[in-house]
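First the structure, in the form of structure tokens, and then the observations on it.
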Amino acid sequence: QVQLVESGGGLVQVGGSLRLSCAASGSIFSINTMGWYRQAPGKQRELVARITGLGFTNYADSVKGRFTISRDNAKNTVYLRMNSLKPEDTAVYYCYISGGSGGDYWGQGTQVTVSS
């Protein structure tokens, strides 16, 4: 029904920047909340950021001031701009779109590695 394809992950040095992209296809509703989770080895899944269809955003305290989530509804794409990256940001990042009563949909995950 819905497919999310992520891109933009990679290996960066401390203090570097990356921009993750997640493009949705299928039965897309631009009003739905989209966002990003991440999971590092040995750590629980963490909600990094989310953005509603009206553009309201929410961030984990650990990334406030460094990460920016945005969306382009015309392209059915959500972005995560990550600045001032730290080693503790190393994780697999998963995008999602809320499906409401139909359930959520998830991207395949993209690895972000920040080297010391």
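Values for this structure:
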read-out: Reciprocal of mean inverse Cα separation for the stretch 73-112 (Kirkwood radius, Å); value: 12.2 Å
read-out: Cα-projected label distance for Gln111 with Gln1, points at 7 Å along beta-carbon direction, nm; value: 3.2 nm
read-out: Accessible surface, per residue, of the chain when the full set of protein chains is kept, probe 1.4 Å, Å²; value: 54 Å²
read-out: The stretch 93-116-the stretch 1-52 distance, computed between alpha-carbon centres (Å); value: 4 Å
read-out: Exposure ranking of Val14, Val92, Val78 by accessible area [1.4 Å probe, largest first]; value: Val14, Val92, Val78
read-out: Accessible area, probe 1.4 Å, largest first, for residues Asp72, Asp89, Asp104; value: Asp104, Asp72, Asp89
read-out: Ser116 - accessible surface, heavy atoms, 1.4 Å probe, Å² rounded to 10; value: 130 Å²
read-out: Distance cut-off 22 Å, percentage of C-alpha pairs in the chain lying past it; value: 27 percent
read-out: Diffusion constant of the stretch 1-56 at 20 °C, which comes from Stokes-Einstein with the Kirkwood Cα-pair radius and 1.002 mPa s, µm²/s; value: 159 µm²/s
read-out: In range of the label at Ile31: residues from the stretch 84-116 whose backbone nitrogen is under 19 Å from the point 7 Å along Cα→Cβ; value: 97-105
read-out: Accessible surface of Phe56 - all protein chains present, 1.4 Å probe, nearest 10 Å²; value: 140 Å²
read-out: Leu4 - accessible surface, heavy atoms, 1.4 Å probe, Å² rounded to 10; value: 10 Å²
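The values are calculated or read from the model by the stated rules, or taken from the named source; none is laboratory data. In this text, all values refer to a predicted model and were calculated from it rather than measured experimentally. Cβ coordinates were reconstructed from backbone atoms using ideal geometry, including for glycine residues, and neighbour counts include every protein chain displayed. For the accessible areas, the whole protein counts, side chains as well, though only heavy atoms, and no ligand, DNA or RNA atoms are used. Shrake-Rupley method; radii C 1.70, N 1.55, O 1.52, S 1.80 Å.
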